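For reference, the structure discussed in these notes is given below.
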Amino acid sequence: MAAEFDVVIVGAGHGGAQAAILLRQHGFAGSIALVGDEPGLPYERPPLSKEYLLGEKPVERLYLRPAEFWRGRDVTLLPGRRVSALDPAAHRLALSDGDAIGYRTCIWAAGGRARTLACEGANLAGIHLVRTLADADAIAAALGGVTNVAVIGGGYIGLEAAAVFRKFGKHVTLLEALPRVLARVAGEPLSRFYEAEHRAHGVDVRLETQLEGFTGADGRVAGVRLAGGEIVPAELVVIGIGIVPNVEPLLEAGAAGGNGVDVDELCRTSLPDVYAVGDCAAHENGFCGGRRIRLESVQNANDQAATAVKAILGQPQPYRAVPWFWSNQYDLKLQTVGLSADHDETVLRGDPASRAFSLIYLREGRVIALDCVNAVKDYVQGRALVVNGATPDKTALADPAVPLKGLAG
């Protein structure tokens, strides 16, 4: 007979772990299982491409909670298991090892997997992703014998990895298909600033670059072949081109969705007693004009976990959290609040040459987001502008001598 739990949480990342923690904190006395497809304890992912890869943060400090915490809260950890199917009528999950688990309520927090390339040579040894602890460990183990590194993708993961490789003294080439880095998430001034920073640190940043495949020697990658025939030398390649949400079992079971699984304001899917949170949950976001989007951030995973838990416990509170993100590259700390999608105007606050400035995004005169580089005060005070949909004077907004907290009314 299949094991039965009151709540089964699929996915042992930030959202899944937070859901289990909050259930116990709020007095839930039923049985809880936390199913993860990786071995070991639940851990945090953001440091993988930064402090962990640099060796500045040991694996023990990645764990969201120690083993004794989960035992003490009577949370059953089921690591190294992957859910292959969900039967909504029977309230049962099929696992890839042939076992099955029954649930009264399911919280799907399975996140996503790193997107791969399907070009010639993509299976050569030395081509890596940066999504899991095992990915980061494999990169770290290979770095010693490497001189040239190619990073595919100019998003945050690619830029963070490039910065780490430069700190290790590697020759780094960053290849981006679009006309600028961070093109999908930031305004052009921020993109140009980071391009200049990486070039100043010795990264060969190439934009509007099309990749045709990889060349190899003795089964290992030796270079990246570009459109036109040029080969960029690389004994190690890192691919950072986004994720694919892990929602196939839900969609095959009839859940509404596509790019992720659709959830309502309480994080409920269209399947009975099945919630979804985190990277895989497509929700209508009030800070993005009500559009249905997925947010790939720790903040979103944790806050949606709280929303799902409160709904399960009969204390429903619709998801209304303000999105925020961060990225560390070299000595630059980028902090973002709000969502800049569909902005129609930007205001530059401060001088990028000083390496401390903010880029403020507006839509129809209202502040919708801020990107703050080494500008913690702007980030903290700017949150109120986003929450209030403030329409401040743009001259004052651009003046670093004018505190943002006085413009939030």
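The values are calculated or read from the model by the stated rules, or taken from the named source; none is laboratory data. Keep in mind that this is a model prediction, so the values were computed, not measured. Cβ placement follows ideal geometry from the backbone for every residue including glycine, while neighbour counts extend to all protein chains displayed. Quick note on the areas: whole protein, heavy atoms, side chains included, nothing else; ligands and nucleic acids left out. Shrake-Rupley method; radii C 1.70, N 1.55, O 1.52, S 1.80 Å.
At a glance:
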read-out: Trypsin sites (Lys or Arg not before Pro) restricted to region 332-403 and DSSP loop, no more than 15 other C-beta within 10 Å; value: ARG355
read-out: Amide H within-cut-off set for GLU345, under 5 Å, with H built and near neighbours excluded; value: LEU362
read-out: Phi to ³J(HN,Hα) by Karplus 6.51 cos²θ - 1.76 cosθ + 1.60 over region 141-158, Hz, x for Gly, Pro; value: 5, 8, 5, x, x, 10, 10, 10, 10, 10, 10, 9, x, x, x, 5, 4, x
read-out: Environment charge of GLY314, counting only residues whose C-beta is closer than 15 Å and scoring Lys/Arg +1, Asp/Glu -1; value: +1
read-out: Rough spin-label spacing in nm, given labels placed 7 Å along Cα→Cβ, for THR215 and GLU252; value: 4.1 nm
read-out: Difference of contour (0.36 nm per residue) and Cα-Cα distance, HIS171 to SER84; value: 27.2 nm
read-out: Cα-based convex hull volume of region 254-368 per residue, rounded to whole Å³; value: 116 Å³
read-out: nm² value of the averaged projected area, convex hull over the Cα atoms of region 121-276; value: 11.7 nm²
read-out: Filtered trypsin sites (Lys or Arg not before Pro), region 155-193: DSSP coil and at most 12 other beta carbons within 10 Å; value: ARG184
read-out: Length gained when the stretch VAL376-GLU230 is fully extended (0.36 nm per residue, less Cα-Cα span); value: 48.3 nm
read-out: Between region 122-188 and region 66-103, the alpha-carbon center distance in angstrom; value: 33 Å
read-out: Largest-first ordering by accessible area, 1.4 Å probe, given options ASP137, ASP218, ASP262; value: ASP218, ASP137, ASP262
read-out: At most 12 other Cβ within 10 Å, DSSP loop - GluC sites (Glu not before Pro), region 7-108; value: GLU56
read-out: Under the Karplus curve 6.51 cos²θ - 1.76 cosθ + 1.60, θ = phi - 60°, whole-Hz ³J(HN,Hα) for region 283-300, x wherever Gly or Pro sits; value: 10, 7, 10, x, 8, 10, x, x, 5, 7, 9, 10, 10, 9, 7, 5, 4, 5
read-out: Distance from region 1-45 to region 340-409 (C-alpha centre basis), Å; value: 38 Å
read-out: Computed label-point distance, nm, for sites ALA122 and ASP351 using a 7 Å Cα→Cβ extension; value: 4.7 nm
read-out: Long-range amide H partners of ALA100 with built H, under 5 Å; value: ALA3, LEU95
read-out: Theoretical ellipticity at 222 nm over the chain - DSSP helices of four or more residues, -39500 (n - 2.57) apiece, nearest 500; value: -6500 deg cm²/dmol
read-out: Cα pair count fraction exceeding 36 Å, expressed as % - the chain; value: 30 percent
